[in-house]
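See structure below.
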Amino acid sequence: MSGLSGNFLFLVQRLDWFSLIDIGLVTLLFFAILSQFRGTQAAVVLRGIAILIVIVAVLSGMTRLPAFSWLLRTALPALLIALPVVFAPEIRRTLERVGRAGWLRRQRAAGGLPTRVRAVVTAAQRLAERRHGALIVLERDARLEDFVETGVRLQADLSAELLLQIFYPSTPLHDGAVIIRDDVVMAAGCVVPLSSVGSLSPSPERTMGLRHRAALGISEVSDSVAIVVSEETGIISIAHNGRMIRRLDAARLSNLLSAFIRTPNVRSPVEWLRDRLGLPSRSPAPAPDAALPPNEGEGHGVG
């Protein structure tokens with residue numbers, strides 16, 4: 001016990017300002033990585049890797065097991081090489097967020113925001129009442145031109161009536177996604193990537209419908225916001241940043257859309273860092289971090 005306290009005092013005496021800054025930077029780095037994986041299946045894998053590293057460190061320090069310690073130390077580099085493969089989607093998503101990040105961001109079509117939100121909310125509410133399935137994608141900073149090309153280009157003025165007509169079950173475009181840029185319906189019947197969430201694990205999300213997985217998928221590869229209406233239950237959901245919030249009424253959907261779509265004209269370094277770390281904002285608007293992980297809520301086979 002005295003040896004442990006002596007080592008602790010020795011470490012404390014050697015601490016200086018550079019050591020504290022070093023520890024703070026490492027802590028901030030790990031916190032940023034964990035916050036990016038929070039609420040995803042990668043968090044479970046990351047937790048398992050951390051436990052494995054601790055076991056390796058403990059067992060490799062045992063002098064009575066030289067062969068086993070050598071095997072563990074030899075296998076550790078292979079584990080580090082496998083990390084980019086295991087976390088490839090999360091790494092790509094993080095790099096895309098960094099590439100889209102900026103302290104100065106211009107707000108596009110700010111004047112049309114209430115009209116856009118009102119049209120989408122009205123259409124989603126009516127579609128839910130009629131049990132008509134729908135997938136509506138609202139473009140933000142990242143252009144979705146590649147996905148627009150997969151559908152039928154419309155470039156029509158946004159209205160609730162147009163969305164209701166597109167997603168009517170007998171129309172040829174009702175199965176795909178509608179992509180909206182500002183106040184314009186760019187295309188309908190678009191094909192968007194499916195999320196891998198639930199496809200590799202025996203969880204309730206395994207029965208998630210294609211629309212819900214597509215909504216999660218487009219929100220994972222871009223900063224867009226996707227609204228889903230289940231044709232089985234009429235439940236309205238919203239996907240943003242790889243997470244989904246379910247069971248929304250018209251009022252909450254309107255608040256969340258306004259919070260997700262609206263971006264400030266000028267962002268301070270503190271706000272930029274808070275957004276990158278996933279910390280709650282101080283603004284009175286509904287915070288996007290209220291989103292639940294996609295494995296919370298109900299899953300449906302058709303969506």
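The values are calculated or read from the model by the stated rules, or taken from the named source; none is laboratory data. Note that the structure is a prediction, hence the values are computed from the model and not measured. Every residue, glycine as well, gets a Cβ built from its backbone with ideal geometry; the counts of neighbours run over all protein chains shown.
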Checklist outcome for this item: Scanning the stretch 170-199 residue by residue, those out of contact with any Ser or Thr (no Cβ under 9 Å at 6 or more places or on another chain), without any contact (Cβ under 8 Å) to a residue 60 or more places away in the chain and of a type outside the set (A, V, I, L, M) turn out to be 170, 171, 172, 174, 175, 181, 193, 199
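Yes/no matrix, rows are residues, columns are (1) under 30 Å from residue 216 (Cα atoms); (2) modelled with pLDDT under 75:
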residue: 3; (1), (2): no, yes
residue: 25; (1), (2): no, no
residue: 32; (1), (2): yes, no
residue: 38; (1), (2): yes, yes
residue: 69; (1), (2): no, yes
residue: 74; (1), (2): no, no
residue: 79; (1), (2): yes, yes
residue: 84; (1), (2): yes, no
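So that you can scan it fast, the table gives a plain yes or no per residue for (1) among the acidic types (Asp, Glu); (2) free of Cβ contacts under 8 Å to residues at least 24 places away in the same chain:
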| position | (1), (2) |
| --- | --- |
| 216 | no, no |
| 223 | yes, no |
| 234 | no, no |
| 239 | no, no |
| 245 | no, no |
| 248 | no, yes |
Checklist entry - Which residue out of 237, 258, 219 is at pLDDT 55 or above and either part of a loop (DSSP other than H, G, I, E, B) or closer than 23 Å to residue 169 by Cβ (or both)? => result 237
Next on the checklist: Please verify whether residue 46 is modelled with pLDDT of 75 or more, under 20 Å from the mean Cα position of the chain (by Cα) and under 21 Å from residue 81 (Cβ atoms), treating the condition exactly as stated.
Outcome noted: no
Checklist outcome for this item: Taking the stretch 127-163 and keeping residues in contact with a helix residue (DSSP H, G or I) (Cβ under 6 Å, 6 or more places away or on another chain) and either assigned to a helix (DSSP H, G or I) or not assigned by TED's automatic domain parsing to the domain that holds residue 188 (or both) leaves 160, 163
Checklist entry - Only one of (1) at pLDDT 75 or above; (2) closer than 16 Å to residue 224 by Cβ is not met by residue 132, so which one is it? => result (2)
Checklist entry - Any idea which of (1) within 19 Å of residue 241 (Cβ to Cβ); (2) at pLDDT 95 or above; (3) surrounded by fewer than 19 Cβ atoms within 10 Å (Cβ to Cβ) is the one residue 160 doesn't satisfy? => result (1)
